[in-house]
Structure formats: structure tokens, C-alpha cells
1. Give, as residue ranges, the helices (runs of 4 or more DSSP H) completely inside segment 389-505 that count at least 1 residues that are touching a Phe, Trp or Tyr at 6+ places or on another chain (Cβ under 8 Å).
2. Is one or more of the residues making up segment 380-403 within 24 Å of Thr296 (Cβ to Cβ), loosely packed, with under 15 Cβ neighbours inside 10 Å and in the same structural domain as Phe244 (by TED's automatic domain parsing)?
3. Tell me, which residue of segment 1-51 that is aromatic (Phe, Trp, Tyr) and in contact (Cβ under 8 Å) with a residue 40 or more places away in the chain is farthest from Leu70 (Cα to Cα)?
4. Kindly indicate whether any position in segment 356-370 is over 23 Å from Tyr95 (Cβ atoms), out of contact with any Cys (no Cβ under 8 Å at 6 or more places or on another chain) and buried (at least 24 other Cβ atoms within 10 Å of the Cβ).
5. Counting just the residues of segment 348-388 that are part of a loop (DSSP other than H, G, I, E, B), modelled with pLDDT of 95 or more and of a type in the set (A, V, I, L, M, F, W, C), which one comes out nearest to Met226 (Cα to Cα)?
6. Give segment 233-254 a look and list any residue that's surrounded by fewer than 21 Cβ atoms within 10 Å (Cβ to Cβ) and on the phi > 0 side of the Ramachandran plot, or say none.
7. For Ala175, indicate whether it is in contact with a Gly (Cβ under 7 Å, 6 or more places away or on another chain) and in contact (Cβ under 8 Å) with a residue 12 or more places away in the chain.
8. Looking at segment 195-206, is at least one residue closer than 26 Å to Phe105 by Cβ, of a type in the set (D, E, K, R) and modelled with pLDDT of 95 or more?
Amino acid sequence: MRGVYNSVTDLRRKVFAAIADMAYDDDTNYAKKMEEIPFKILPGTKGQYRDNIFLERAIIGERLRLGMGLPVRDGSEVGAISDGIEKSTISTKYYDAPLVNIIKFACNACPEKKVIVTDNCQGCLSHQCTEVCPKKTISIVDGHSYIDQTNCIQCGRCTDACPYHAIIKIERPCATSCGMNAIHSDADGKAEINYDKCVSCGQCLVNCPFGAIVDKGQIFQTIYAMKEGYEVIAAIAPAFVGQFGPKVSPEQVKAALKELGFADVVEVGIGGDLCTIDEANDFLSKVPNELDFMATSCCPAWSVMAKKEFPQFAKNISMALTPMVLTGRLIKRDKPNSKVVFIGPCAAKKLEASRRSIRSDIDFVLTFEEVMGMFQAKNIDLENIVGDEPMDKSTKAGRQFAVTGGVAASVKELIEKEHPGTVVKIQAAEGLKNCKTMLMMAKAGRLNGYLLEGMGCPGGCVGGAGTLQAIPKSSALVKRYANSDDMKTAEESSYSDLVHELVNS
């Protein structure tokens with residue numbers, strides 16, 4: 001649950017901080033350092049979370065490997081945590097598939113789906129649960145309800161009918177959160193990902209209460225590039241508002257990032273403005289003459305899902321480059337030898353940046369949570385750092401991309417402003433399950449003429465796997481930040497005339 005600092009969050013943060021500390025340190029004996037980190041994070045002889053200090057340290061070891069971009073192991077292999085480290089102590093490493101991984105020996109083997117009767121059953125006279133069960137799998141045994149699991153279809157009617165709420169449906173949290181139905185059980189009951197279905201949205205990793213699901217990281221490689229003398233520039237997504245503390249201003253975030261070693265900080269909201277202009281042109285030229293409807297392109301989890309599940313609509317996804325890519329191209333237009341780091345809320349952006357067509361635009365992708373680990377490693381006091389450089393280059397249009405409905409609203413506002421009398425119909429969905437429903441409506445012809453916006457995460461980008469605060473709070477802060485901008489629509493951006501050049505570069 002985002003916004004609640006718990007033991008899983010604490011361990012993730014400590015691992016990120018340890019990787020950053022290792023990268024910043026002048027001692028280059030990285031193999032030795034990796035072996036020492038689990039003992040520093042979990043000192044002593046007694047387990048703190050699982051009653052087994054050796055298991056806990058083994059899990060930390062795999063989290064370290066994934067944080068360094070190395071493959072996860074299942075516990076059957078002989079070797080040190082640092083095996084293969086030479087492949088990651090470089091500044092040019094891209095993400096190797098798979099991005100999202102399960103540490104098998106950290107998984108609790110939660111049941112996939114099951115309806116059970118709890119001790120709260122009162123053995124009531126009406127026995128409503130038995131009456132509503134369509135398969136007649138519920139009987140009364142010793143005065144209490146009993147469910148025959150071999151015939152139960154988990155429809156949930158009994159849970160709704162019970163007046164004491166004594167019947168509950170339990171389901172593996174990672175599977176429940178997966179909008180692609182990509183998670184199932186292996187032969188041992190452990191979670192397993194079907195990578196043919198997975199779109200790397202990362203919702204499973206933030207919903208696993210055992211911290212068994214982990215994505216790969218590039219903290220070390222980012223810092224390594226700084227130490228090699230590259231001009232490393234942070235491109236920060238508009239969802240950053242409030243992520244690093246309720247009292248931390250955008251100006252302080254910019255100053256703090258420079259303390260980490262970034263040469264400059266650029267708002268990805270600028271790329272949002274450019275994407276708005278490109279998608280507006282795309283929509284006007286193609287709907288309804290060439291396409292019945294058009295869908296936005298900025299969320300990689302959504303666009304990959306749409307193309308996997310509804311291949312007939314692949315042409316309906318806008319060809320506009322995402323704000324991340326447009327911002328990266330803008331930076332490298334002026335500083336071709338720089339390294340660009342996208343900092344945002346999204347795990348799927350790591351996958352997007354790994355595409356060969358995008359590698360020249362974006363060098364690294366870090367989440368807000370990973371960057372918070374870097375702040376911790378450098379002992380940066382964000383609330384008290386002096387920030388005097390404003391981030392004022394993007395418009396309301398680009399900034400509101402971070403919340404559900406923001407992308408479509410920006411395109412609609414631009415088209416209706418520049419083409420008086422034109423009315424753009426929009427439909428937005430958040431979460432991959434809802435996005436699928438929206439595309440089913442489109443398939444039925446109910447959304448012809450519409451601009452569809454899909455967001456893979458609840459709330460939009462603010463609900464991404466790498467966020468730090470509660471989604472409703474993030475949404476409110478981003479909307480307030482966007483509405484405070486003096487520039488409202490995308491064409492007011494001072495970079496608006498560069499769209500054609502950047503798209504075709």
C-alpha cells in the first residue's frame with residue numbers, strides 16, 4: 001500500500017540506499033561490499049521478520065542482485081551474491097529480461113483464490129449461504145457452514161449473503177492486482193509470472209506483502225556514469241510533486257537531485273506538452289477519416305496490453321512518442337554527449353527505455369523510491385535544502401499527464417482551443433482491467449469518434465509501482481501543481497515549434 005511505510009518498504013529502501021552508497025564510495029571492491037551488505041542491513045543472529053536470519057539475508061542478497069540488474073536465483077545454485085558483478089559495474093548496462101522477478105524462497109505460496117468460512121460463523125437458523133450457492137457446495141456440519149472446496153467456483157454469493165460476514169474470499173494479492181492475469185502458481189504453490197502476458201506494470205511487486213516480487217534497477221549504473229565524468233541529466237516526471245515529503249518544494253527536489261550529482265534537472269512535463277501537440281495532430285488527421293477512434297500512447301503498460309489483447313486495434317494507438325522519449329530527445333538535441341535519466345513512478349518505463357529504438361534517447365530509468373534511497377545514502381535533508389531554481393518550463397497540459405484523464409484532457413483542450421466549434425469526445429480508464437473493458441466497448445462500436453486514454457495503474461502515473469505516497473494525495477497535489485501553472489495549453493510551451501523536428505529526429 002503506497003503511503004504506508006512498513007517493513008517491506010523499509011527493506012527496499014535500505015537495499016536501494018546500500019547500492020547507492022556502494023556506487024558513491026571510492027572503494028571499488030564491489031564484490032566484497034555486496035557480500036557485506038546483508039549483514040549490515042540485518043545485523044545480529046536472530047531474524048527480525050521471518051524468524052530465520054539466514055533466510056532473511058538470502059532474500060536481501062537476491063534483492064541486491066536485482067537492484068544491480070543481475071538475474072535472480074532460486075536457491076539451488078552454488079555461488080556468491082556478487083557472482084556476475086562485473087557485468088553490472090559499468091555505465092552502459094540496459095535492463096535484461098525479465099524486468100519483474102519473483103524471489104521464490106521469499107514467496108509465501110498464498111492460495112490463488114479460495115472462499116472460506118471463518119470462526120465468526122454463528123450457525124444461524126436461516127442458513128442463507130446454503131440457499132444462494134449455485135453449486136450447492138455448502139452444507140451444515142456440527143451447526144456451522146462448511147464449504148466443499150472441490151466444487152466451489154468462488155462466485156462470492158455466500159460472502160454477500162452471510163449476515164455476520166463470516167465467509168470471506170481470499171486471493172493471492174499479486175494475482176489480484178495483475179490486470180493481465182499473468183500470475184499463477186507453480187508446482188510448489190509459489191507465484192509464477194507468465195511473461196508472455198506480463199506488461200511489467202509492477203503492480204504485483206507493490207501488492208506482495210512478503211516483498212517477494214522485485215524489479216531490476218539502475219541506481220549503480222547511473223552513479224557510475226556520473227563518476228566516469230558524463231554529464232548526467234535528470235528528466236523528472238510530473239508525478240514527482242509531494243513524493244519526497246509533504247514540505248519539499250519542486251525547487252528543493254531540483255536542488256537535492258543536483259546534490260546527488262545530476263548536472264541538471266528537466267521537467268518531463270515539457271515532453272508532455274510536445275506529446276499533446278503530436279497526439280492532437282494525429283487525432284485530427286485520422287479520426288474519423290482513417291480510424292474509428294484513437295488511443296493515447298504515453299503509458300507503455302497500457303499500449304502493450306492493448307496490442308497484446310486487441311491486436312486489431314494496434315493501428316488505433318497513437319504513433320506519438322511518449323513524454324519520456326520526447327524529453328530525452330530534447331535534452332540530447334542540445335547536449336548529445338549527455339546521459340539522460342528518467343525519474344518517475346513507473347516500472348514499465350524501464351521496459352520502454354530498453355527498446356532498441358529508444359536506447360539512444362534514454363540511458364537510465366529510476367523510480368521515485370529508488371531515488372529516495374539515493375537521497376538516504378547521501379544523507380540529504382530535503383526539507384531544509386535551499387532550492388532557488390524554479391521548474392517552470394512546462395504547462396498545465398504537460399503536468400496533468402500524471403493523473404487519470406489528464407492526457408486526454410490536454411489533447412481535447414488544445415484541439416478545441418485551436419479549432420473553435422470542434423468537440424472532442426474522450427473516455428479514460430485506469431488499471432489494466434478497466435482498460436480492457438474500455439477496449440471491449442470500442443470493439444462493440446460504442447466509442448467511435450472518441451479519444452481513448454488508458455492508464456495501466458490506479459489513478460494514472462501517480463499510482464505507479466515506484467511511487468512513495470498515497471494515490472489520492474498524489475492526484476490532488478499534481479492537479480493543484482498543474483492548475484497553478486500560468487501556461488495552460490500545450491501550444492504555449494516555448495518548445496512547441498520543435499515537435500516536428502524531435503518526432504522525426
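1. Details: elements: 396-399, 406-418, 432-443, 471-483, 499-503.
Counting at least 1 such residues, we get 396-399, 406-418, 432-443.
2. Checked segment 380-403: no residue is within 24 Å of Thr296 (Cβ to Cβ), loosely packed, with under 15 Cβ neighbours inside 10 Å and in the same structural domain as Phe244 (by TED's automatic domain parsing).
3. Let us first name the residues in segment 1-51 that are aromatic (Phe, Trp, Tyr), namely 5, 16, 24, 30, 39, 49.
Adding the requirement that they be in contact (Cβ under 8 Å) with a residue 40 or more places away in the chain leaves 16, 24, 30, 49.
Values: Phe16: 14, Tyr24: 19, Tyr30: 14, Tyr49: 25 Å.
So the residue we want is Tyr49.
4. Of all residues in segment 356-370, those over 23 Å from Tyr95 (Cβ atoms) come to none.
Checked against the condition, which is being over 23 Å from Tyr95 (Cβ atoms), out of contact with any Cys (no Cβ under 8 Å at 6 or more places or on another chain) and buried (at least 24 other Cβ atoms within 10 Å of the Cβ), segment 356-370 yields no hits at all.
5. Going through segment 348-388, the residues part of a loop (DSSP other than H, G, I, E, B) turn out to be 354-363, 378-381, 385-388.
Going one step further and asking which of them are modelled with pLDDT of 95 or more, we end up with 361-363, 378-381, 385-386.
Still in the running and of a type in the set (A, V, I, L, M, F, W, C): 362, 380, 385-386.
Numbers: Ile362: 15, Ile380: 18, Ile385: 21, Val386: 22 Å.
Taking the candidates together, the pick is Ile362.
6. The answer is Gly245, and nothing else.
7. On the way: in contact with a Gly (Cβ under 7 Å, 6 or more places away or on another chain): no; in contact (Cβ under 8 Å) with a residue 12 or more places away in the chain: yes.
Criteria not met by Ala175.
8. yes
The values are calculated or read from the model by the stated rules, or taken from the named source; none is laboratory data. Bear in mind that the values here come from a model prediction, so they are computed numbers and not experimental data. Counting neighbours? That spans all protein chains shown, and the Cβs are built from the backbone with ideal geometry, glycine included.
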